[in-house]
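Q: What follows is a structure written as C-alpha cells; I'll ask about it next.
The values are calculated or read from the model by the stated rules, or taken from the named source; none is laboratory data. Note that the structure is a prediction, hence the values are computed from the model and not measured. Positions of Cβ are generated from backbone atoms using ideal geometry, with glycine treated the same way; all protein chains shown enter the neighbour counts.
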Amino acid sequence: MPDTDLEIVVDDPTAPEANSPAVTSNRTVNIVVSLALLAVAVTLGYDNWRTGIGWDETGPQAGYFPFYLSVILGAASLYGVGAALASREQALEAFVTRAQLRRVMAVFVPTSLFCLVTEYLGLYVASFLLIGGFMRFVGRIAWWKSLLTALLFTAIMFVTFDVVFDVIMPKGPLEAAFGH
C-alpha cells in the first residue's frame, strides 16, 4: 500500500523569493477596484439616465435596463468598499510582493509596448521584436536561437495570414516596402 504522507517538493530556481516585502495589501486592492467599478457604474448610470430610463409607448427606453444594471453594480461596489474596510485580515495579507510584481511587469511592460509598436511598425515587426525579446531577456535563451525563432514564427504567421488566408492585418513600413 502506498504511503500517502509523502510530499513531493519541486524547487523552482526562478521563483520569487519568499521574504520579498509586500507592495500592497489585499484590502487596498479591493478598495481601489471597488472604487473604480463604482466610477464605471456612476458613469454608465448617468449616461443611461440621459438616454432615457423610463417607458414610452413602445416599451422600455434604451437606457432602462442598463441603468438598473449600473445601480446594481454601484451597490455591489459600495458593498465591496465596506467589506474591505471592515475586514481586519485583508489589511494584513499581502496582495503582491516586490519580487512577484517584478515578474508580472516583466511580461506586462513588453506586451504593452507590443501593442504600441504594432500601431506604428505593424503586427509582424512587433511580433518579431516581442518574441525575440521575450526569449532573450525573460527566457535567457541565446541570441541566435531567439532571433531565429522570432524570424521563423513571424514568417509563418505572415504566410498563413497574409498569403494563404488573405486576412487584413496591421501593416507597417516594412510590409509597405515589400508591396503588401
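Q: Of the numbered conditions (1) in a helix (DSSP H, G or I); (2) of a type in the set (Phe, Trp, Tyr); (3) closer than 30 Å to residue 18 by Cα, residue 153 fails exactly one; give the number of that condition.
A: (3)
Q: Follow-up. Looking at 114, 108, which one is surrounded by 12 or more Cβ atoms within 10 Å (Cβ to Cβ), aromatic (Phe, Trp, Tyr) and at pLDDT 95 or above?
A: Selected residue: 114, the only one of 114, 108 that is surrounded by 12 or more Cβ atoms within 10 Å (Cβ to Cβ), aromatic (Phe, Trp, Tyr) and at pLDDT 95 or above.
Q: Name the residue that is farthest from residue 32 (Cα to Cα), counting only residues in the range 44-84 that are hydroxyl-bearing (Ser, Thr, Tyr) and modelled with pLDDT of 95 or more.
A: Only one residue fits best here, namely 68.
Q: Among the residues of the range 91-99, is there at least one that is assigned to a loop (DSSP other than H, G, I, E, B) and in contact with a Lys or Arg (Cβ under 9 Å, 6 or more places away or on another chain)?
A: Scanning the range 91-99 turns up at least one residue that is assigned to a loop (DSSP other than H, G, I, E, B) and in contact with a Lys or Arg (Cβ under 9 Å, 6 or more places away or on another chain).
Q: Same structure, new question: Can you pull out the residues in the range 111-157 that are β-branched (Val, Ile, Thr) and touching a residue at least 24 places away in the same chain (Cβ under 8 Å)?
A: 118, 125, 138, 154
Q: Let me ask you something else. Of everything in the range 74-89, what is under 19 Å from residue 42 (Cβ atoms), of a type outside the set (Gly, Ala, Ser) and surrounded by fewer than 17 Cβ atoms within 10 Å (Cβ to Cβ)? Give them in sequence order.
A: Quick first cut of the range 74-89, residues under 19 Å from residue 42 (Cβ atoms) only: 74-82, 84.
Filter once more, so that each one left must be of a type outside the set (Gly, Ala, Ser): 78-79, 81.
Residues satisfying the conditions are 78, 79.
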